[in-house]
Amino acid sequence: MERVRGFEIAKGFENSNINLPVRKTKYSAGYDVEAAEDCVVPAFEKGQAPTLIKTGLKAYMPEGEYLMLCNRSSNPKKKGLVMANSVGIIDADYYENSDNDGHFMFAFYNIKSEPVEIKKGECIGQAIFQKYYIVDNDSAEGERLGGFGSTNK
């Protein structure tokens, strides 16, 4: 079978018993993504950085697509978790980058007054493959030189 798009275990997580994301129903748009390890998201304090929750995953896709990371609809109400960037965007050229092999993570803030514990294997969000379009006369020729936050470096 020809590989077009999918998920793989990122380097460093090969022996961590990571589950590849799956859709739970035939009409689901999103693949459920689990936490790669136990972690705690502290209660929000002004000025703090978001907590990056590791997935142990990387994603491959064809040119012209990206992977959108979305929060679970139940996370804000049940756990107080909101994504720091509202929606995460994983570009096709993030896959196997030199900094982190394309390992993608979810960035969360906890809006509750007590810390929230996330257990390994717990579903933390959804990943949805999307098509994108470029404008006429687009001239982007840059190449990715690293991983998380490396654009424009």
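Quick note: the coordinates plus some simple rules give every number you see, no bench work behind them. Nothing here was measured: the structure is a model prediction, and the numbers come from that model. Here the Cβ is made from the backbone with ideal geometry for all residues, glycine too, and neighbour counts use every protein chain on show.
Count neighbours as other Cβ atoms within 10 Å of each site's Cβ, and list the trypsin sites (Lys or Arg not before Pro) in the range 38-102 that are DSSP loop with at most 12 such neighbours.
Working: sites: Lys46, Lys54, Lys58, Arg72, Lys77, Lys78, Lys79; in loops: Lys46, Arg72.
Passing sites in the range 38-102 are Lys46.
Looking at the chain, which longest stretch skips every one of the GluC sites (Glu not before Pro) that is in a DSSP loop with at most 16 other Cβ atoms within 10 Å, leaving the sites themselves out? Mind showing how you got there, number by number?
Working: sites that count: Glu2, Glu14, Glu37, Glu45, Glu63, Glu96, Glu122, Glu141, Glu143.
For GluC sites (Glu not before Pro) (loop position, at most 16 other Cβ atoms within 10 Å), the longest site-free span of the chain is 64-95.
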> If the limit is 22 Å between Cα atoms, which of Lys26/Lys119; Lys77/Lys119; Lys54/Lys79; Lys54/Lys119 go over it?
Replying inline: Lys26/Lys119
> Just for the chain, what percent of DSSP beta bridges are antiparallel, to the closest 5?
Replying inline: 95 percent
>> Taking 0.36 nm per residue of sequence separation and subtracting the Cα-Cα distance, how much length would be gained by fully extending the chain between Glu96 and Lys120, in nm to one decimal?
In response: 6.3 nm
>> Modelling each spin label as a point 7 Å along the Cα-to-Cβ direction, I'd like the Phe44/Lys131 distance in nm, to one decimal.
In response: 3.6 nm
